[in-house]
Amino acid sequence: MGKIRVLDEHIANQIAAGEVVERPASVVKELVENAIDAESTTIDVAVEEGGIQLIRVTDNGTGIAADDCETAFLRHATSKIASGADLFRIKSLGFRGEALPSIAAVAKVECTSSARTDGLGKKIVIDGGVVKMCADAAHPRGTDIKVSDLFFNTPARLKYLHTVQTELSHISDFLYRIALAHPEIAFSFTHNGNKLLATNGNGDLLQVIAAIYGTDTARKMIRVEAETADFSLAGFVAKPEASRANRNGMTIAVNGRTVRHYLLTQAIMDSYHTLLPLHRFPIAVLHVRMEPSLLDVNVHPNKLEVRFSKEQELLGAIRQATAAALKRTTLIPSAVQNGPLKTYMQEQLVIESAPRQAGSGRPQQATASGRTVQEVQPELAPQQAKRPTNNRYAYPSEAASAAKPPQDRTAPTVQETAAFLQAAAPTQTSGGMPAIPHLHVIGQMRGTYILAQNEDGLYLIDQHAAHERINYERFYELFANPQEASQTLALPLTLEFSPTEMNVLLAKLAVFAQAGVFLEHFGGNTLLVRALPHWIPAGREKEIVEEMAEWVLAEKQEIDIGKLREKSAILCACKASIKANDALTVPEIEALIDRLRACRNPYTCPHGRPVVVSISNYELEKMFKRVM
């Protein structure tokens, strides 16, 4: 007698449930997606004990016809696919035809639905896959499904569920994302009677963002819109100051379906190039629309992952649209909203004034105690018409410097590092105003932060971060053609590595040459640095090349010369910039701000730390109780 047999329907349904129903959140997902496909405008979700005890989804959609009530709970039953061709043009969210029977196989289900407007409907009760009752019932148009005692007949599955709070977090995550994907639907979500989400369904995505992330975050969102021949993009991305410690704040909806796609989220991350610190991620909500034939949603049992026919074109569109939105927005954060400065400012406002004592390199001490910034300003602000030009930040242009390259290997000092900075027009926002406004210098605070003001309020600038941004953009351009600026060293530098590291580096010598760094194997575990670009900071040559080598060794994939160019520029910028506690004169501060204003991105250093923060006049007056 043969060993192969056909499983009965009940066991087959339990196996299918293992693919579709992993946890309570899977049930919520399938039921809510069905409600959306039914053209619902309101969807109410109520769960108890993390969804293990009860999940209830109520909608006002088109409902289930009386004749279809039992059929809907049969395997492979669906109203959304009629032929094989439909698999390549999926427009609905649920289509696999396994969700309802899979859920009913491992839980107790009670479904009441009506496709009519006269109040007549059907009710079906299923217990562990067995139909207990199916009869007429009074019900308004729409569907009400209750799923209780999930996994009651599969104790092994029940055993491996996590805590109530963990299961609740999975449900919440899905509902928040689906609400962001469908602002035109009014969602409500309660757990054990406590309301966790309520949206009004008026189509305003920003209001949904406010309901989920709070109004303060919603105020920091930037609109993103773009359209290509194949894709349309719409949504919001947050200013860098509203970043998170993980990627969970990024939601991407493709044709109304929330998806997990690493490359799409990475495309958004790429748009924030140098705007975010390491291990920080933006909040973003992006809606993507495309022809269904360009999208394969049948990749994952839970339909979370998708495949695109024109993936590279979509990634490029996302990068370009998001970067353009960030570029046209002023990204100066408020110090009051983003740090403990409010308390500090209320306790003391000590200003190190710009005028210097004769013969000393330290600024005089001045205090604003009992005086407003406007009262202090006339004494401290420099006369703009009398700016001296012979200071270490009034630099010649790049072209003038390039005309007379140094004959020996001597790089500029820290004070001269911006001497080759190209003159550039100040960056502009979409409103035509400079990204960094024109400011009147007040002075330095603790030799680290520049204090300045204009008619809008007070600005604090991190002098090291500002100079680092200036130098980064300069070095990034210089590294575009580093071989042309490379000069032979009179005395080669020596670098020592382990045998394993040496084998890797010897295979990458051409990569270093593309960055203008020419290395030669001296024998054993030693490399000689024969030539370097002349503008690498003097005295830091060996340190910079060693860090470049460490980066190359850490890269597991093929070396991207663009990334090496960026890494090298960051290294040089960091080493060449002024540091904290470096005293600056007023003309030097003014020149630094002018150079910062000329940067393409003056808001953050190349590591993503903020360069400038602001305190509005209103915020200052509120601190000192001048306004209530």
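Per-residue SASA remark: Ser293, around 60 Å² accessible (1.4 Å probe; ligands, DNA and RNA not included).
For the set Lys122/Lys146; Lys220/Lys310; Lys579/Lys622; Lys29/Lys220; Lys508/Lys542; Lys122/Lys195, the pairs lying more than 23 angstrom apart at their alpha carbons are Lys220/Lys310; Lys579/Lys622; Lys29/Lys220; Lys122/Lys195. Computed over Cα pairs, the Kirkwood radius of region 495-628 leads via Stokes-Einstein (0.692 mPa s, 37 °C) to a diffusion coefficient of 181 µm² per second. Which FRET efficiency value, to the nearest 0.05, do you get for Glu225 and Asn454 by plugging their Cβ-Cβ distance into 1/(1 + (r/R0)^6) with R0 = 41 Å? Step by step, r from the Cβ atoms, then E = 0.85. FRET efficiency for the pair Asp560 and Arg116, taken as 1/(1 + (r/R0)^6) with r the Cβ-Cβ distance and R0 = 51 Å, rounds to 0.25. Computed from backbone phi, the HN-Hα couplings of region 458-467 come to 9, 10, 10, 10, 6, 5, 5, 4, 5, 5 Hz, rounded to whole numbers (Karplus: 6.51 cos²θ - 1.76 cosθ + 1.60, θ = phi - 60°; Gly and Pro given as x). The stretch between Arg307 and Ile4, if pulled fully straight at 0.36 nm per residue, gains 105.5 nm over its current Cα-Cα span. Compute the signed sum of charges (Lys and Arg +1, Asp and Glu -1) over the other residues within less than 15 Å, Cβ to Cβ, of Leu506. Around Leu506, the surrounding residues sum to -1. Accessible surface area normalised per residue over region 501-618 is 39 Å², counting heavy atoms of protein chains with a 1.4 Å rolling probe.
Note: relative contact order over region 107-157, using C-alpha pairs below 8 Å and six or more positions apart, is 42 percent.
For the residues Trp535, Trp551, a 1.4 Å probe over the protein chains yields an accessible-area ranking, largest first, of Trp551, Trp535.
Measuring r between the beta carbons of Asn202 and Ala156 and using R0 = 45 Å, the FRET efficiency lands at 0.50. Surface composition of region 124-214: carbon plus sulfur atoms hold 55% of the accessible area, using a 1.4 angstrom probe and ignoring ligands, DNA and RNA.
Under 5 Å from the amide H of Leu120 lie the amide H atoms of His139, each residue being 5 or more positions distant or on a separate chain, with H modelled from the backbone and absent for Pro and chain starts.
Peptides 556-567, 467-478, ordered by how many other C-beta atoms sit within 10 Å of their residues on average, highest first, read 467-478, 556-567.
For region 145-271, the solvent-accessible area with a 1.4 angstrom probe is 44 square angstrom per residue.
On region 481-618, 51 percent of the accessible area sits on carbon and sulfur atoms, based on a 1.4 Å probe. Peptide packing: for 317-323, 179-185, the average count of neighbouring Cβ atoms within 10 Å per residue gives the ranking 179-185, 317-323, highest mean first. Once the convex hull of all Cα atoms in region 170-295 is built, its volume per residue stands at 118 Å³.
The values are calculated or read from the model by the stated rules, or taken from the named source; none is laboratory data. Just so it is clear, the model here is predicted, and its values are computed rather than measured. Here Cβ is always computed from backbone atoms with ideal geometry, including for glycine, and neighbour counts include all displayed protein chains. Side chains are part of the model used for accessible areas, which takes the heavy atoms of the whole protein and leaves out ligands, DNA and RNA. Shrake-Rupley method; radii C 1.70, N 1.55, O 1.52, S 1.80 Å.
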